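Data block below; observations after.
What follows draws every value from the coordinates through simple rules; no lab data is involved. Since the structure is predicted, the reported quantities are computational estimates derived from the model, not experimental observations. Cβ sites come from the backbone with ideal geometry, for glycine too, and all protein chains shown count toward neighbours.
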Ligand code: MG
């Protein structure tokens, strides 16, 4: 399986990192070795001194597809969860300054913690899902899919022009504003509408 991540998909987040608001989806990938499951602890890597949290809604692909029309895109995913797109912000800044790809800042081992998934039918209107990251019990990021620049269906349609989507692939759909550093000892908890989806500690 592969992990596809969408960058700059919430205007307020694009602005907080001084990025332009994109006119088409920005995507990059993480390898399967980036996944961190089952609430396992995340060990702070020695490659960075500025590790940032990015809470994101994650959709799980359930059907093989290429060149998927936007109007049929909803048939290609049936479950939704939450994940963290851990980012070595210092390395990313270096890469951006040099015009290089971001992979070393984004695709390192365990950089994609993932929690439980539930049927999208249980969430009601997918264009208004509120989600939240708490660190040590304090609210740090709150997002709502009503603020997405590109909807889940638009993302699937766009990405599948370039990359065949396969069963089990995950799409991290972008982070809202409020990204920031995590420290060793932090406890991260991710919620959709108050329901705990992901819970782990940084060690
Ligand atoms: Mg992200």
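Picking from residues in the range 82-106 that are within 17 Å of residue 46 (Cβ to Cβ) and in contact with a strand residue (DSSP E or B) (Cβ under 8 Å, 6 or more places away or on another chain), the one that is farthest from the ligand (Cβ to nearest atom) is 104. Screening the range 21-47 for residues that are more than 24 Å from residue 201 (Cα to Cα), within 16 Å of the ligand (Cβ to nearest atom) and over 15 Å from the mean Cα position of the chain (by Cα) and picking the one that is surrounded by the most Cβ atoms within 10 Å (Cβ to Cβ) gives 22.
Within the range 67-80, how many residues are surrounded by 19 or more Cβ atoms within 10 Å (Cβ to Cβ) and either within 15 Å of the ligand (Cβ to nearest atom) or assigned to a helix (DSSP H, G or I) (or both)? Even if it seems obvious, please write down each step before you answer.
To start, the set of residues in the range 67-80 that are surrounded by 19 or more Cβ atoms within 10 Å (Cβ to Cβ) comprises 68, 73, 76-77, 80.
Keeping just the survivors that are either within 15 Å of the ligand (Cβ to nearest atom) or assigned to a helix (DSSP H, G or I) (or both) gives 73, 76.
Residues in the range 67-80 being surrounded by 19 or more Cβ atoms within 10 Å (Cβ to Cβ) and either within 15 Å of the ligand (Cβ to nearest atom) or assigned to a helix (DSSP H, G or I) (or both): 2 in total.
Can you find even one residue in the range 192-202 that is within 16 Å of the ligand (Cβ to nearest atom) and touching a helix residue (DSSP H, G or I) at 6+ places or on another chain (Cβ under 6 Å)? No: zero hits. The residue that is surrounded by the fewest Cβ atoms within 10 Å (Cβ to Cβ), among those in the range 123-140 that are touching a helix residue (DSSP H, G or I) at 6+ places or on another chain (Cβ under 9 Å) and in a strand (DSSP E or B), is 130.
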